[in-house]
1. Measuring from centroid to centroid over Cα atoms, what is the spacing of region 119-145 and region 255-288 in Å?
2. Sorted by mean Cβ packing within 10 Å, highest first, what order do the peptides 317-325, 156-164 take?
3. Order of 292-305, 5-18 by packing, highest average Cβ count within 10 Å first?
4. Report the label-to-label distance for residue 37 and residue 252 in nanometres (one decimal), using points 7 Å from each Cα along the Cα→Cβ vector.
5. For region 294-346, what are Rg and Dmax over the alpha carbons, in angstrom?
6. Rounded to the nearest 0.05, what FRET efficiency is calculated for residue 26 and residue 313 with R0 set to 45 Å and r the Cβ-Cβ distance?
7. Return an integer: the convex hull volume of the alpha-carbon atoms of region 186-262, in Å³ per residue.
8. For residue 164 and residue 376, FRET efficiency with R0 = 51 Å and r from the beta-carbon atoms, rounded to 0.05?
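Taken together, the values in this text are just the output of simple stated rules run on the coordinates, not laboratory data. This structure is a prediction, so every number in the text was calculated from the model and none was measured. Methodologically, a virtual Cβ is constructed for each residue, glycine included, from the backbone with ideal geometry; neighbour enumeration extends over all protein chains shown.
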Amino acid sequence: MLNDFLEDRGGLLHFDGCDLVALAREHGTPLYLMSESSIRARLSELRLSFLDRHENVSAAYASKAFQTLDILGLVRDEGLCLDVVSGGELFAAAKVGFPMERVFFHGNAKTGAELAMAVDLGVGRIVVDNSSELQALDSIARARGRVQPILFRVTPGVDSHTHQKISTGTIDSKFGIPLDRSVRDGYIKAALGMGGVSLKGFHFHIGSQLFDRGSHLLAIGIALDLLAECRRDYGFIAEDLNIGGGFGVRYIESDHPPPLAYFTDAMMEAIDSGCSERGLSRPRVIIEPGRWMVAEAGVTLYTVTSIKDIPGQKKWIGVDGGMTDNIRPSMYEARYEALLANKAGTPRSQTVDIAGRCCESGDVLIRGIILPPVEEGDILAVFTTGAYHHTMASNYNRVPRAALLSLREGTARLSVRRETYEDLIAREAFP
Ligand code: LLP
């Protein structure tokens, strides 16, 4: 099995102790399942490998990966920090009473309204991406008699060798401030002279789904040079260095992601030794895992609706979901493993392609997967769907968004109800 929380009990696939066929029957499909036990296991690993192992470090959960009020409550209770990237994510965090001083607000195109909301709520760090934002934030904060703590998002110019659409650290990235001296000088001098903001340090995020720490280590070296130059040139001492997320997870059998400590031990070693070489006192180090916390906690269930054999070509298995609940195959050529939940013990014997239900040739969930003989009504369970699925879902073709259950040791709880057809038209004005 792809992860420790999946289990074949007499031919019936179970996840976190729950019978998937029974859940599909009771709640309908497509159905997102999130294993709270799996998320809690990651939280323990995060604590053991990082938070308890080093002084003056924080972890901010990157909630764009998976955000519900439920998980915000869990992250709040665990004492973690939180990465949000929009007014909507911030609003939800405020709803669960998330302590705002532990929030990092990211984004390359924050609006004035979002900045004002963040200042009013008392967000701990706004991560400023560009000079328009810097100017706007300074005015907003001054108008309120506030001094907003900020970080600058910088672009270390490191290629993280992941899918181009999830690589963010290269020089020409749309994210962050280029480290070119002529550009960055202007930003730092401006911020240090502003009455409405207080510069606390820097942030970078180089990419996602990484199995190798090399790019992070390169970026760390570049960031430490920046800290040393800031101290020398402006007498500015950074309190925070936020090194982003990107830690990879297991989607398919051949993926072997390293444990978190593979990244964080080497990063902390590089930061500690790099700071002492440069005579710097080490800033607080923040990591921002998103996918790593939740991806493997997710399973999506579908019902097989059709089987189409094209002789000499391929066999299509049609299911009742697709790019509306999982955009990742069409957007990033992402690959997945799956099993038939009602035939978990049946030998796999045929290669098929899983077709999503949307009117797009590109809506194919899995290409070339080997499954047991498939029949209409079978329940297909697709694994590692906990990150960037629920949060990236759409209503294309007016498909209602799926319900989401939170599982824990054999019990299932409704966390997000299924959208109704009425929900789909609720915002529309119709004379
Ligand atoms: N911090 C910042 C500033 C980020 O932009 C991101 C992700 C993270 C942390 C968390 O990265 P993670 O640990 O999850 O790799 N939709 C894409 C992934 C986009 C990632 C965007 N930023 C996907 O489904 O693969």
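1. That distance is 29 Å.
2. Numbers: 317-325: 24.2, 156-164: 18.6.
Taking the mean over residues of other Cβ atoms within 10 Å, the ranking is 317-325, 156-164.
3. Details: 292-305: 26.3, 5-18: 17.9.
The packing order, highest mean first, is 292-305, 5-18.
4. Each label point lies 7 Å from its Cα, and together they span 2.8 nm.
5. Gyration radius and largest Cα-Cα distance of region 294-346: 13.0, 40 Å.
6. Values: r = 37 Å, r/R0 = 0.82.
The value I calculate is 0.75.
7. Details: hull volume 8.1 nm³, N = 77.
Once divided by residue count, the hull of region 186-262 is 105 Å³.
8. Working: r = 38 Å, r/R0 = 0.75.
Efficiency, from the Cβ-Cβ distance: 0.85.
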